[in-house]
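The values are calculated or read from the model by the stated rules, or taken from the named source; none is laboratory data. All figures in this text were calculated on a predicted structure; none of them were measured in a lab. A quick note on method: Cβ atoms are made from the backbone with ideal geometry, for glycine too, and the neighbour counts reach across all protein chains shown.
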Amino acid sequence: MRLFEKTMAAMQAIEDGFRRIPPETIPEKCTGCGLCVKVCPAKIFVLRDKKSVISADPTSFCIKCGHCLAVCPAGAFVDPEHRDVEPQRIEKKRLPKPEALQMLLSARRSVRNYRPEPVDREVIEKIIEAGRYTATGGNRQDIFYTVIDSAEKIQALEDMVTPYLNKILSLSENPLFLMFMYLTGNLELIAVPKMYAPIVREFGELKKQGIDRFCYHAPAMILVHTKKMDQPAGFGCAAALYSCSLMAELLGVGCCFNGFVHVATNYNRKIKDWLGIPRNHQCHGAMTLGYPAIKFSRIPPRDPAKIDWR
C-alpha cells in the first residue's frame, strides 16, 4: 500500500509540474466577447456575468499557450509569470510573402566549408531565438539547447564520436550480423549504416592529413535534446533546429545537420556526459555552424513531392 501511495504521490508531482499558472483577467478591460473561451485548447475560461473568468473545473489546467493573450482585442489578460513583458502586436505587413518564404526554403544549403572565425554568442542567441516559438506538445516548451562555440572543443568531440561510430558501424559489415538481420526481416535497417561504414573510416584517414570531413572545422555546434519520456518532443526539437537553420541563413551563417553526432550522443554515455546532457535526455539533432567559405548562387532541382491524396 505504501508503494502505491508513493507511486501516486510521484505521479501527482509530475502532473503538477505540467500545470502552469493561468493568465489573470483584467475585469475592467474585458468586453465579454468570448473569443478566449473559443480559442483556449484547455477550456479553462467561461463567461460569467459577461466577463471571462477561470473555470472551477478541476480537470482543466492552463498549458500556457498564450492564445487568450493573442486573441483578446481589448488586452484584458496579463501573464503572471511575465508581467514585465508586453505582448508584441502581430504586424502582418512584416511577414514574408509566400514567394519570399519559398525562396528561403529553397536557397538554404548544407554548408560544409567554413571560414575559421568564430560565431559570436550574440549571433548564436539570435539563431536559437528562432527556435523558441516552436510548437511543442501541450506547450511544454521542453526543448533544451547545448552549444559548443569552440572549434577545439568540437575536435575533442570528434575524437570521442569517431571511434565509437567505427565500432558500431563495423557490425553492419559482419556477415553473421547481416544474416541475423535478414532472418528477422530487418536487413533494410542496416543498409544505410553499412553504406556509411567505409565513409567514416575514410574520415579518420583524412583527419590524419588535417582534413576534417566530419564536422568540417566548424567553429560552433548546436545540439537539441529533451527528456526521454517526452516522445512527442522529438518532433519539436527537430522543428526548432530547422527554424534555427533558417535564421542562420538570414544572418549569413552556414549550417549543416550532423547525424553522426546526434546518434553517438544517444548511445554513448561518455559523450553525453562530456556534453553535459542529462542521462535522462534524448538528443534529437545536432547542427554545425560557421561563416561560409563559399557562396551558392543557384537552386538545384528536387524530385516532386510524394503525395498520396485521399
Considering residues that are out of contact with any Cys (no Cβ under 6 Å at 6 or more places or on another chain) and buried (at least 22 other Cβ atoms within 10 Å of the Cβ), the number found within segment 242-255 is 4
Condition met for L206 (closer than 19 Å to D273 by Cα and in the same structural domain as V263 (by TED's automatic domain parsing)): no
Across segment 231-241, the tally of residues that are surrounded by 18 or more Cβ atoms within 10 Å (Cβ to Cβ) and either out of contact with any Ser or Thr (no Cβ under 8 Å at 6 or more places or on another chain) or free of Cβ contacts under 8 Å to residues at least 24 places away in the same chain (or both) stands at 1
> Right, A220: surrounded by 16 or more Cβ atoms within 10 Å (Cβ to Cβ) and among the aliphatic types (A, V, I, L, M) or not?
Replying inline: yes
Kindly establish whether K295 is within 23 Å of K167 (Cβ to Cβ), among the charged types (D, E, K, R) and free of Cβ contacts under 8 Å to residues at least 60 places away in the same chain. no
Within segment 121-142, restricting to residues that are among the charged types (D, E, K, R) and outside any helix (DSSP H, G or I), the one that is surrounded by the fewest Cβ atoms within 10 Å (Cβ to Cβ) is R132
Checking L69, L35 in turn, the sole residue that is closer than 30 Å to E91 by Cβ, modelled with pLDDT of 95 or more and surrounded by 10 or more Cβ atoms within 10 Å (Cβ to Cβ) turns out to be L35
By residue number, the members of segment 199-214 that are of a type outside the set (D, E, K, R), over 28 Å from the mean Cα position of the chain (by Cα) and surrounded by 11 or more Cβ atoms within 10 Å (Cβ to Cβ) are G204, L206, I211
